[in-house]
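The values are calculated or read from the model by the stated rules, or taken from the named source; none is laboratory data. Here the structure is a predicted model, which means the values were calculated and not measured. Please note: Cβ atoms are built from the backbone with ideal geometry, for glycine as well, and neighbour counts cover all protein chains shown. Side chains are part of the model used for accessible areas, which takes the heavy atoms of the whole protein and leaves out ligands, DNA and RNA. Shrake-Rupley method; radii C 1.70, N 1.55, O 1.52, S 1.80 Å.
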Amino acid sequence: MRTRPRLVTAAAAALVLLLAGCSGDSGDDDGRITLQFQSLAWQKESVDANKKLVAEWNATHPDVKVELIQGSWDSVHDQLLTSFEGGEAPDIIHDASDDLADFAYGGYLADIGDLLPKRLKSDIPERSWETATFDDGIYGVPFLQEPRVLIANSTWLKKSGVRVPRPDKPWSWREFRTVAKKLGDGEDGKYGVAWPLKEPVSATLNLSMSTGGRMFHRGADGKVDVRFDAADQVMPRTVHDQVNVDKSASGSTLGMGGSDTLPGFFGGKYAMVPLGFSYRQQIVQQAPEGFDWQVLPAPAGEDGPTQGVSPQTLSVAEDSPHKKEAVEFIDFFLRPKNMVKLARGDWMLPTGKEALKDPALRTEKDDWAVGTALAAHLRPAPAQTVRGYPEWKDKVATPALQEYYSGAIDLDELRERLVKDGNLVLARYQR
């Protein structure tokens, strides 16, 4: 890996040494090591699980104390970049795999491949490790993942008489479009589906994998270019046509986040909402009494229910003086029983094979079993190792997809912007 240049003036170097002498980050006066662990857990169950596991570690490891720091998903990229540049990054970093590439290539994260114990390395499938692997180095441990599913109004579904899909026999994208139109075409204010696509890029890329879509292609020289081939177009064309042709999808939800669609879903306005698996928690907490709902697998193409995911990860800062101890804590934190606690706290799926076997994650209640049945079909999201992806997503893909889904531009214009403008962005990162 290429490491970042370090330009430090004499005055700055003196300041760094002074601060280091005053800081307790690397060790207390009694020789006890202190590790800072920045967690992004935010749901109460998940926060409680994190706190309990850190407390358990501290009670059983007197020589290595872990200090829990609360971070935020909303600002984590910029916050980490600032802390890396300022030399103040926490030792252990909670993030998502699609946010790691620039930090890994920039030399801010440690390659922990040689420090990982065999138990942890073998418990997590290779396809999950690929999400945090850059240039043969491992820069994070993927531990939680979330398939996209359809949350459906069971009563509405039963009355319609449509075939109810199963994980082993999902709807095709064509069948999904037909079913959505049968469930509602907007004429009476009721729609077959509500697509919350305020942030459309991840959903588009990851669901397109079921039809063989990739969009990012790496050449023999290692450089990546954007393409928008027929396989990439199936999912976005379906959404576009549901909104603009069939009227089976409400155009007003395109600018919404997932939570924004729930009141309309509970109120009988939408028969189905494509959401992340973890939204089940909000539904359990917020659904009116007697509301009957169920989880369905997302539509699939020739590659079956395959879809891309960007797992949550735990990484170690390159500047941490205690990488070995940091990885030992991660190994403890992600023991199978602990991974189950974290998964249940976030209402997500663990990556670990042993944790996935736990009966608590295979219950019919709250449709945990549907999610675990999809786990084997989850693959690394297409953009995992692409440098410049955040900029491509924010400046090119997000506005282009939003305009296409709303009907403001056609498919040719979408292709030109994703490919032509997108490759100009990526080129700057691959010189």
Folded to 0 to 90 degrees: helix 323-333 orientation relative to the chain principal axis, Cα: 40
Rounded percent of accessible protein surface that carbon and sulfur make up, the chain, 1.4 Å probe: 50
Dipole magnitude of region 117-204 about its Cα centre (Cβ charges: Lys, Arg +1; Asp, Glu -1), debye to nearest 20: 560
By average C-beta atoms within 10 angstrom, highest first, the peptides 216-229, 417-430, 265-278: 265-278, 417-430, 216-229
Shape call, region 197-336: gyration tensor on alpha carbons, a/c limit 1.5: oblate
Highest average packing first - 153-159, 96-102, Cβ atoms within 10 Å: 96-102, 153-159
Cα gyration tensor shape of region 38-166, rounded if a/c is under 1.5, else prolate or oblate by comparing a/b with b/c: prolate
Anisotropy class of region 105-257 from Cα gyration tensor, a/c 1.5 cut: prolate
Normalised contact order of region 98-209, rounded percent, pairs of Cα under 8 Å and 6 or more residues apart: 16
Between helix 44-60 and the chain: long-axis angle, C-alpha atoms, 0 to 90°, nearest 10: 30
Ordering of 181-192, 72-83, 303-314 by burial proxy (mean other Cβ atoms within 10 Å per residue, highest first): 303-314, 181-192, 72-83
Subset of K393/K420; K159/K181; K247/K365 violating a 22 Å alpha-carbon distance limit: K247/K365
Largest to smallest principal axis extent of the C-alpha atoms in the chain, angstrom: 71, 48, 33
Whole-Hz couplings from phi, Karplus 6.51/-1.76/1.60, listed for region 351-359; x for Gly and Pro: 7, x, 5, 5, 5, 5, 7, 4, x
Probe 1.4 Å, accessible area per residue of the chain, Å²: 44
